[in-house]
Amino acid sequence: ESALSKEWLNSRHEALTRSKAKNNSKGSYDNIKRNSVYLANEFQLLGVKSPDGITKENFSKWIEGLRQGTFPCKELGAGTIKKRVETLRAILQANKLVDQLDFVQLWRPDKQAKNIKFWSVEEIEAMNEIALKTFENKDLRGRAVVHLLHSMIAPRIADSASFKWEFIDFNERLIRFPATKNKKMCSQYIEGRFIPLLINYSEWVSQFEGGDIYLFPSAMMQKSGTTKKVIPHASAKTLAIWLKYI
């Protein structure tokens, strides 16, 4: 902080004052307090002695320097750079630097491809075997069935939570269900070895209220005492825990 120019100190003070006036959270305020020192020093190393001296060119140099680690810091990831830019926007807004804010707001962090890992056939089969053994325990049958459902058709967990028996045709050995997100009708044949288990489960779960409609009725769940909204079926959060169990 002691290395900052008077202009940067004043602009930083304005941003912190505005943050307090907006009643920002302590985390947001602390981010501005910390990151404003970093970015001010970095711009000064580029010869920019005040925020109103920021141009498109030196802004681009600043971003590139953060990515390549040319400042007195290591190479920064996209998330950290994004926070730096958010702090810069806060400074520009607080000091009413409209021209600089105009091109800084156009900046977007690089989109990074998600690293998606798919289960191998062997891993899926190992989990299927665990699910079949788990089914023998009545208290854990829901965990087994939701896994088998996902191993066959892989619906979104939120769709699984409200899955209905009318989506399953045991005569045709077929599952058909409407995907909530894209409204498409999805279908998949049921593995023959799972049909007796699913029929057994349907007879067992029907003893619970709503079990004749939903695969995972809320009546079969343990009452936590913290339910905010009553729904007739399991929540996506519960099913995520069940899937992780298997």
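Pick from segment 216-241 the residues that are among the charged types (D, E, K, R) and over 23 Å from A154 (Cα atoms): which of them is modelled with the lowest pLDDT? Break it down into steps so the answer makes sense when it comes.
Filtering segment 216-241 for residues among the charged types (D, E, K, R) gives 223, 228-229, 237.
Now drop any that are not over 23 Å from A154 (Cα atoms), which leaves 223, 228-229.
Working: K223: 63, K228: 57, K229: 66.
Of everything passing the filter in segment 216-241, K228 is modelled with the lowest pLDDT.
So which pairs qualify, if the first residue must be in segment 1-25 and in contact (Cβ under 8 Å) with a residue 12 or more places away in the chain, the second must be of a type in the set (S, T, Y) and surrounded by 13 or more Cβ atoms within 10 Å (Cβ to Cβ), the Cβ gap must be under 6 Å, and the two must be at least 6 apart or on different chains?
Qualifying pairs under 6 Å: E7/S50; R12/S36; S19/Y29.
Residue by residue through segment 171-180, note down the ones that are in contact (Cβ under 8 Å) with a residue 24 or more places away in the chain and exposed (fewer than 14 other Cβ atoms within 10 Å of the Cβ).
A179, T180 - these are the residues of segment 171-180 that are in contact (Cβ under 8 Å) with a residue 24 or more places away in the chain and exposed (fewer than 14 other Cβ atoms within 10 Å of the Cβ).
Name the single residue, out of those in segment 108-127 being modelled with pLDDT of 75 or more and among the β-branched types (V, I, T), that is nearest to the chain's Cα centre (by Cα). Please lay out each step first, then the result.
To start, the set of residues in segment 108-127 that are modelled with pLDDT of 75 or more comprises 108-109, 117-127.
Cutting the leftovers down to among the β-branched types (V, I, T) gives us 121, 124.
On the way: V121: 27, I124: 24 Å.
Looking at residues that are modelled with pLDDT of 75 or more and among the β-branched types (V, I, T), I get I124.
Could you tell me how many of the residues in segment 126-140 are surrounded by fewer than 19 Cβ atoms within 10 Å (Cβ to Cβ) and closer than 21 Å to M221 by Cβ?
Qualifying residue count for the region: 5.
Within the set of pairs 6+ apart or on separate chains, which have a first residue in segment 201-212 that is farther than 19 Å from T134 by Cβ, a second that is open to solvent by 100 Å² or more (accessible area, probe 1.4 Å) and assigned to a loop (DSSP other than H, G, I, E, B), and C-beta atoms under 7 Å apart?
Pairs found: S206/D212.
Among the numbered conditions (1) surrounded by 14 or more Cβ atoms within 10 Å (Cβ to Cβ); (2) under 20 Å from E7 (Cβ atoms), tell me where G47 comes up short.
Unmet condition: (1).
In segment 141-164, how many residues are under 19 Å from R193 (Cα atoms), open to solvent by 30 Å² or more (accessible area, probe 1.4 Å) and either part of a helix (DSSP H, G or I) or among the aromatic types (F, W, Y) (or both)?
Residues meeting the conditions: 3.
Check segment 10-27 and report whether any residue there is surrounded by 15 or more Cβ atoms within 10 Å (Cβ to Cβ), under 19 Å from L97 (Cβ atoms), among the charged types (D, E, K, R) and in contact with an Asp or Glu (Cβ under 9 Å, 6 or more places away or on another chain).
Taking segment 10-27 first, the residues surrounded by 15 or more Cβ atoms within 10 Å (Cβ to Cβ) are 11-12, 14-16, 18-19, 24.
Filter once more, keeping what is under 19 Å from L97 (Cβ atoms): 11-12, 14-16, 18-19.
In the following step, the residues that additionally are among the charged types (D, E, K, R) were identified as 12, 14, 18.
Going one step further and asking which of them are in contact with an Asp or Glu (Cβ under 9 Å, 6 or more places away or on another chain), we end up with 12.
Within segment 10-27, one or more residues are surrounded by 15 or more Cβ atoms within 10 Å (Cβ to Cβ), under 19 Å from L97 (Cβ atoms), among the charged types (D, E, K, R) and in contact with an Asp or Glu (Cβ under 9 Å, 6 or more places away or on another chain).
Could you grab me the full set of residues in segment 91-110 that are in a loop (DSSP other than H, G, I, E, B) and loosely packed, with under 11 Cβ neighbours inside 10 Å?
Going through segment 91-110, the residues in a loop (DSSP other than H, G, I, E, B) turn out to be 95-97, 105-110.
Result: K96, L106, R108, D110.
Only one of these conditions is not met by A144: (1) over 30 Å from W204 (Cα atoms); (2) more than 22 Å from the chain's Cα centre (by Cα); (3) small (G, A, S). Which number is it?
Evaluating A144 over (1) over 30 Å from W204 (Cα atoms); (2) more than 22 Å from the chain's Cα centre (by Cα); (3) small (G, A, S) leaves (1) as the failure.
From the set of residues in segment 54-90 that are among the hydrophobic types (A, V, I, L, M, F, W, C) and exposed (fewer than 15 other Cβ atoms within 10 Å of the Cβ), which is nearest to S36 (Cα to Cα)? Quick ask: steps written out before the conclusion?
Kept after step one, since they are among the hydrophobic types (A, V, I, L, M, F, W, C), are these residues of segment 54-90: 54, 59, 62-63, 66, 71, 73, 76, 78, 81, 85, 88, 90.
Narrowing further to those that are exposed (fewer than 15 other Cβ atoms within 10 Å of the Cβ): 73, 78.
Working: C73: 15, A78: 17 Å.
Filtering segment 54-90 for residues that are among the hydrophobic types (A, V, I, L, M, F, W, C) and exposed (fewer than 15 other Cβ atoms within 10 Å of the Cβ), the one nearest to S36 (Cα to Cα) comes out as C73.
Quick test for you: out of K237, K183, pick the one residue that is among the charged types (D, E, K, R), farther than 25 Å from A126 by Cα and either exposed (fewer than 14 other Cβ atoms within 10 Å of the Cβ) or in contact (Cβ under 8 Å) with a residue 40 or more places away in the chain (or both). Break it down into steps so the answer makes sense when it comes.
Working: K237 fails: farther than 25 Å from A126 by Cα.
Step by step, each of K237, K183 is checked, and only K183 is among the charged types (D, E, K, R), farther than 25 Å from A126 by Cα and either exposed (fewer than 14 other Cβ atoms within 10 Å of the Cβ) or in contact (Cβ under 8 Å) with a residue 40 or more places away in the chain (or both).
The values are calculated or read from the model by the stated rules, or taken from the named source; none is laboratory data. Keep in mind it's a predicted model, so treat the numbers as computed, not measured. All Cβ positions, even for glycine, are placed from backbone atoms using ideal geometry, and neighbour counts span all protein chains on display. Side chains are part of the model used for accessible areas, which takes the heavy atoms of the whole protein and leaves out ligands, DNA and RNA. Shrake-Rupley method; radii C 1.70, N 1.55, O 1.52, S 1.80 Å.
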